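Reading through the structure tokens given below for one structure.
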Amino acid sequence: MKRQVAIIGAGPSGMLLGHLLRQAGVDCIVLERQSADYVLGRIRAGVLETVTTDLMRQLGLDGRMNAEGMIEGGFNLADGERRIRIDIEALTGRHVMVYGQTELTRDLMDAAPDRDLEVIYGADAVTLHDIDGEAPFVTYVKDRDTHRIEVDFIAGCDGFHGPSRKAIPGSAVREFEREYPFGWLGILADVPPCHSELIYSNGPRGFALASMRSPSRSRYYIQVPLTDRLEDWPESRLWDELALRFDPISERGVTRGAALEMSIAPLRSYVFETMRHGRLFLAGDAAHIVPPTGAKGLNLAASDIAYLSQALIAHYSKGDGSGLESYQDRALSRVWKAERFSWYLTKLMHRFPEDGTFEHRMQIAELDYVAASPAMQESIAENYVGLPL
Ligand code: RFL
Ligand code: PHB
């Protein structure tokens with residue numbers, strides 16, 4: 001089989017890129033190791049920046065998102081007693097949208113057949129070949145048959161654990177990494193959110209986040225030690241903990257309900273330089289990870305895809321290769337700024353086991369400063385809504 005572009009991974013990066021390329025008439029195929037249901041079952045991002053909603057609009061796939069997504073004009077930072085509202089609408093003239101990654105991915109998956117975007121689910125042993133040469137190809141196994149696709153370019157959209165990044169020789173790369181000494185325990189439940197806007201709280205019992213998916217579906221997280229397992233957290237224990245942290249600082253207090261999903265995710269900052277090797281381009285979590293505190297991961301994946309899709313389309317439609325040449329510099333410049341903001345908010349809002357009382361007082365002093373300083377609030381707001389492309 002011959003295609004212009006092979007896209008590895010049918011997460012948000014791969015599906016957005018696939019649709020954008022098909023819309024411009026580029027011949028591409030998406031290879032996904034898992035089933036569609038498995039991909040949709042991963043509960044992840046909830047907050048979309050304009051960069052992400054704009055791509056859905058450009059694709060004409062924003063109908064359900066506009067109807068069901070919740071426009072958020074502000075969010076809150078709290079220290080257990082007080083809530084500091086960051087009025088992003090007033091400070092930046094912009095907003096973010098609460099619309100789950102699951103729903104966004106479902107919209108992209110559902111539209112694929114109509115738009116002639118071929119997605120192969122259950123593609124095993126995806127392997128990249130000759131990425132350095134003029135004629136790269138990808139092989140995969142499906143139903144015991146090995147398939148080979150000859151391509152011009154490969155887009156590695158296969159997340160942190162996929163094969164694309166690993167196909168780049170170690171001599172060509174630099175890695176930057178920070179692991180945090182805690183994870184987030186998350187719960188999703190069909191109960192009304194405790195507050196109309198998100199609250200990130202650094203209280204005496206540690207970090208907690210009150211988020212949502214809709215007026216009737218809540219998403220909460222708390223910071224837990226890396227040694228904790230899900231078995232350590234029966235639902236009742238988690239609801240008790242959430243009530244202690246949010247009842248004093250939220251509009252309605254925490255409503256309990258049966259968990260639709262619970263999971264623990266480790267927190268990490270990671271950047272892989274290079275995002276291009278020969279005819280392979282990396283995008284999204286395949287190239288970088290941010291801790292979820294700034295809600296930046298999916299939105300960075302979207303900005304990578306905005307740059308990469310423009311570059312590939314210019315190459316095919318006008319023979320203009322300049323976007324492909326500048327892809328990695330443009331993408332990394334935005335990535336590093338989002339890494340900084342996510343790292344800053346993670347440090348400000350969590351209890352680090354190695355920190356003493358002095359570091360905690362520094363956090364309180366910083367929150368005091370944020371509460372009193374419109375300049376600080378503006379800086380936080382412009383980062384939270386997303387820096388310009
Ligand atoms: P994904 O979503 O990991 O998709 C990669 C896809 O590649 C497939 N794959 C393979 N396919 C073929 N062959 C192989 N060998 C393969 N290996 C892997 C995988 O099955 C998968 O389908 O990466 P992508 O598309 O780059 O998207 C990135 C986002 O998923 C991620 O950055 C966000 O979820 C991060 N994130 C958040 N981002 C936000 O912008 N806002 C948020 O509010 C937000 N909250 C979060 C988050 C991530 C979280 N976790 C669990 C990590 C909250 C959490 C808890
Ligand atoms: C979520 O709703 O899952 C969510 C919201 C904000 C974050 C991270 C996750 O910063």
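The values are calculated or read from the model by the stated rules, or taken from the named source; none is laboratory data. In this text the structure is predicted, and so the values were computed from the model without any measurement. Note that we place each Cβ from the backbone using ideal geometry, even for glycine, and neighbour counts take in every protein chain shown. Accessible surface is based on the protein model in full, side chains and every heavy atom, while ligands, DNA and RNA are left aside. Shrake-Rupley method; radii C 1.70, N 1.55, O 1.52, S 1.80 Å.
A few comments on the model shown:
- For the chain, the dipole from Cβ point charges (+1 on Lys and Arg, -1 on Asp and Glu) about the Cα centre works out to 80 debye, to the nearest 20.
- The Cα-based radius of gyration of the stretch 42-98, divided by its Kirkwood radius, gives an Rg/Rh of 1.06.
- Simple point charges give the picture: +1 on the Cβ of Lys and Arg, -1 on the Cβ of Asp and Glu, and for the stretch 289-389 a dipole about the Cα centre of about 180 debye.
- Considering only Gly206, Leu185, Gly162, and ranking their Cα positions along the charge dipole of the stretch 109-214 that arises from unit charges at the beta-carbon of Lys, Arg, Asp and Glu, the one farthest toward the positive end is Gly206.
- Spin-label model distance (nm) - Ala365 vs Asp110, 7 Å beyond Cα toward Cβ: 5.2 nm
- For Lys296, solvent-accessible area (1.4 Å; no DNA, RNA or ligand), Å²: 10 Å²
- Ellipticity at 222 nm from helices only: DSSP H runs of n ≥ 4 in the chain, each -39500 (n - 2.57), divided by the residue count, give -11500 deg cm²/dmol.
- Accessible area expressed per residue, the chain, with surrounding protein chains retained (probe 1.4 Å, Å²): 42 Å²
- The apolar share of the surface of the chain, taken as the fraction of accessible area on carbon and sulfur atoms (1.4 Å probe, ligands and nucleic acids excluded), comes to 50 percent.
- Using C-alpha pairs under 8 Å with a sequence gap of at least 6, the mean separation divided by the residue count of the stretch 259-389 gives a relative contact order of 21 percent.
- Debye intensity ratio in log₁₀ form over the Cα atoms of the stretch 272-345, taken at each q of 0.24 Å⁻¹: -1.03
- Ranking Phe358, Phe160, Phe272 from most to least accessible surface, computed with a 1.4 Å probe over the protein chains only, gives Phe358, Phe160, Phe272.
- Restriction of the GluC sites (Glu not before Pro) in the stretch 19-90 to DSSP coil positions whose beta-carbon has at most 11 other beta-carbons within 10 angstrom yields Glu81.
- Length added when fully stretched, Ala24-Asp190, from 0.36 nm per residue minus Cα-Cα: 55.8 nm
- When you restrict to C-alpha pairs under 8 Å that are six or more residues apart and normalise by the size of the chain, the relative contact order lands at 21 percent.
- Note on Arg268: accessible area is roughly 60 Å² with a 1.4 Å probe, heavy atoms of protein only.
- Calculated SAXS-style log₁₀ I(q)/I(0) at q = 0.14 Å⁻¹ - the stretch 149-226, Debye, Cα scatterers: -0.73
- Across the stretch 75-137, the mean sequence separation of Cα contacts (distance under 8 Å, 6 or more residues apart), normalised by length, yields a relative contact order of 13 percent.
- A Förster radius of 30 Å, combined with the Cβ-Cβ distance separating Trp336 from Glu378, puts the computed FRET efficiency at roughly 0.90.
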